[in-house]
Amino acid sequence: KKIGHTGTLDPDATGVLPICIGDATKIAEYLTEKNKTYIAKMAFGNATDTQDASGEVIEVSSLPSISENEFKLICEEFLGKQFQVPPMYSAIKYRGKPLYKYAREGIIITDLPSREIEIYNIKVLSFSSSEAEIEISCSKGTYIRTLCVDIAKRIGVCAHLNHLERIQSGVFKLENAISLNTLKTSDNLGKYLISLEESLVDMDSIDISLEDVR
């Protein structure tokens with residue numbers, strides 16, 4: 001009767017999305033709060049209105065002329081707590097209406113409030129003058145599209161997110177996830193369910209007696 005997801009993925013993104021079924025919806029708020037890890041590919045030279053590959057190009061620049069080591073140092077500048085302004089193409093609500101609906105109507109909100117996020121780790125997996133691939137561990141509410149655009153701005157060029165995959169959400173990892181197609185074709189969905197205890201394994205637990213309960 002009840003079902004819900006824990007943390008939105010962009011339309012073009014892939015990866016881990018924990019789904020709460022039945023009584024598990026009661027713990028959705030705790031799972032949503034967990035940290036996330038992504039692998040992102042960013043393409044240099046073009047900025048888009050959505051900050052990803054699905055958008056319209058709105059600005060063009062030269063390609064970065066820095067080394068991979070210089071790029072790593074720039075990425076490290078984004079570690080720690082900081083404030084991030086969410087993109088217009090996002091599900092965040094402004095005056096009760098999702099921002100992407102304003103964007104599709106051609107309305108740009110200029111006074112969007114920034115939100116505090118935290119980047120725990122950025123690992124550069126590959127880098128060239130045309131694109132880079134990075135692994136990011138971050139707090140909930142972090143927009144990787146915006147992070148990639150901001151990194152490019154620090155270099156002095158344009159960029160957009162080319163591909164995004166969430167490889168971890170809290171205790172849930174990509175290697176333990178199943179595909180939607182597997183769900184559609186399975187005749188035993190129960191074998192994929194994870195207990196509430198397993199889902200909250202990273203939280204402290206206390207065993208109490210029935211007497212204590214009373």
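The values are calculated or read from the model by the stated rules, or taken from the named source; none is laboratory data. Since the structure is predicted, the reported quantities are computational estimates derived from the model, not experimental observations. Note: ideal-geometry Cβ built from the backbone for every residue, glycine included; neighbour counts use all protein chains shown. To get the accessible areas, we keep the full protein, side chains included, count just its heavy atoms, and leave off ligands, DNA and RNA. Shrake-Rupley method; radii C 1.70, N 1.55, O 1.52, S 1.80 Å.
Scattering from the range 81-162 was approximated by placing one identical point on each alpha carbon and applying the Debye formula without solvent; log10 I(q)/I(0) at 0.12 1/Å stands at -0.41. For the range 1-49, the list of trypsin sites (Lys or Arg not before Pro) that fall in a loop by DSSP and count at most 10 other C-beta atoms within 10 angstrom reads Lys1. Gyration tensor over the Cα atoms of the range 100-206: the corresponding equivalent ellipsoid has semi-axes (square roots of 5 times the eigenvalues, largest first) of 33, 19, 18 Å. Taking the Cα centre of the range 1-75 as origin and assigning +1 to Lys and Arg Cβ atoms and -1 to Asp and Glu Cβ atoms, the resulting dipole is close to 520 debye. Separation of the alpha carbons by more than 26 angstrom is noted, of Lys153/Lys173; Lys2/Lys81; Lys97/Lys184; Lys34/Lys191, for Lys153/Lys173; Lys2/Lys81; Lys97/Lys184. Between Glu135 and Ile208, the FRET efficiency estimated from the beta carbon spacing at R0 = 41 angstrom works out to 0.50.
Might you tell me the accessible area per residue for the range 1-135, computed with a 1.4 Å probe and given in Å²?
59 Å²
Approximating the spin labels as points 7 Å out from Cα along Cα→Cβ, the Asn176-to-Glu197 distance works out to 1.4 nm. Here each label is just a point 7 Å from Cα along the line to Cβ, and for Glu118 and Leu17 those points are 2.7 nm apart.
Kirkwood radius, the chain, all distinct C-alpha pairs, inverse of mean reciprocal distance: 19.2 Å. Note on the chain: dipole from Cβ charges, positive end direction compared against Gly141, Thr110, Ser186; the farthest Cα belongs to Thr110.
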